[in-house]
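S.K.: Below is one structure. I have some questions about it.
The values are calculated or read from the model by the stated rules, or taken from the named source; none is laboratory data. What you see is a predicted model; the values in this text were computed from it and never measured. Every residue, glycine among them, receives a Cβ derived from its backbone with ideal geometry; neighbour counts consider all protein chains shown. Quick note on the areas: whole protein, heavy atoms, side chains included, nothing else; ligands and nucleic acids left out. Shrake-Rupley method; radii C 1.70, N 1.55, O 1.52, S 1.80 Å.
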Amino acid sequence: MKVSASMSAPAVSVNSATTIGEAARCMDVHGVGCVVVTEGEALRGIVTDRDIAMRAVAGGFDRDDPVGEVMTTSAVTVDAAQDIHAAYRTFRNSGVRRLPVLDGQRVVGMLTVDDLLMDVFRRVADLLGPVAWSVLEEPPGPRDEIGPRARTDGKSPPASRGS
């Protein structure tokens, strides 16, 4: 599966002259934890909610200062066409929680650790679906020492799908 299948698109973006206060409001309105800083469609940096708290507020910046003063300019990115496993490796190796997704030099989306968790949950559900159904098909009640509860209709219990 490609990164583009799991990313959120479009990425919420601002330019470097946007104020810190406007960037924070933008994150709140869109319900996101970061914005990408772009010039045209090209990535210039990223500002996270943590950047605003730790760099801007704790650093004594004013809410009217530009985000260009507190953004991370060396943003770790992933390519939209890459396999999702490359994104897993990038998250693991970089320690970041959000990756701007690029198509060439153009920002096309955002991939977060939460997006990958949803991918994992879907995969686990796909794997466990048949197992869950086999458990639901077993007759209810306690098991005796030999196996499933004896049936009263004279038939043998169905064989497990996993056998």
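S.K.: State which residue pairs qualify: first residue open to solvent by less than 70 Å² (accessible area, probe 1.4 Å) and inside the stretch 115-129, second residue assigned to a helix (DSSP H, G or I) in any location, beta carbons under 8 Å apart, and separation of 6 or more residues or different chains.
M.R.: Cβ pairs passing all conditions: Leu116/Ile84; Leu116/Ala87; Leu116/Tyr88; Leu116/Phe91; Asp119/Ile84.
S.K.: Mind counting the residues in the stretch 47-80 that are open to solvent by less than 60 Å² (accessible area, probe 1.4 Å) and small (Gly, Ala, Ser)?
M.R.: 6
S.K.: Right, next: Can you tell me which residue is nearest to Gly109 (Cα to Cα) among those in the stretch 45-70 that are touching a helix residue (DSSP H, G or I) at 6+ places or on another chain (Cβ under 7 Å) and aliphatic (A, V, I, L, M)?
M.R.: Val47
S.K.: Tell me, which residue of the stretch 63-89 that is assigned to a strand (DSSP E or B) and not β-branched (Val, Ile, Thr) is nearest to Met1 (Cα to Cα)?
M.R.: The selected residue is Asp83.
Quick grid of which residues meet (1) out of contact with any strand residue (DSSP E or B) (no Cβ under 9 Å at 6 or more places or on another chain); (2) at pLDDT below 95:
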site	(1), (2)
Pro10	no, yes
Met27	no, no
Gly59	yes, yes
Asp64	no, no
Asp83	no, yes
Val101	no, no
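S.K.: Here's a follow-up. Could you grab me the full set of residues in the stretch 9-18 that are open to solvent by less than 60 Å² (accessible area, probe 1.4 Å) and under 14 Å from the mean Cα position of the chain (by Cα)?
M.R.: Scanning the stretch 9-18 gives a single hit, Ala11.
S.K.: Follow-up question, since we're still on this one. Would you check if there is a residue in the stretch 32-55 being of a type in the set (Lys, Arg) and within 22 Å of Asp114 (Cβ to Cβ)?
M.R.: Yes.
S.K.: Within the stretch 23-51, can you find the residues that are touching a residue at least 40 places away in the same chain (Cβ under 8 Å) and not aliphatic (A, V, I, L, M)?
M.R.: Gly33, Cys34, Thr38, Glu41, Thr48
S.K.: Only residues that are closer than 14 Å to Ser4 by Cβ, over 16 Å from the mean Cα position of the chain (by Cα) and either of a type in the set (Val, Ile, Thr) or part of a helix (DSSP H, G or I) (or both): list them for the stretch 104-125, please.
M.R.: Across the stretch 104-125, the qualifying residue is only Val107.
S.K.: Which ones in the stretch 19-46 are surrounded by 15 or more Cβ atoms within 10 Å (Cβ to Cβ) and more than 16 Å from Pro100 (Cα to Cα)?
M.R.: Selection gives Thr19, Ile20, Gly21, Glu22, Ala23, Ala24, Cys26.
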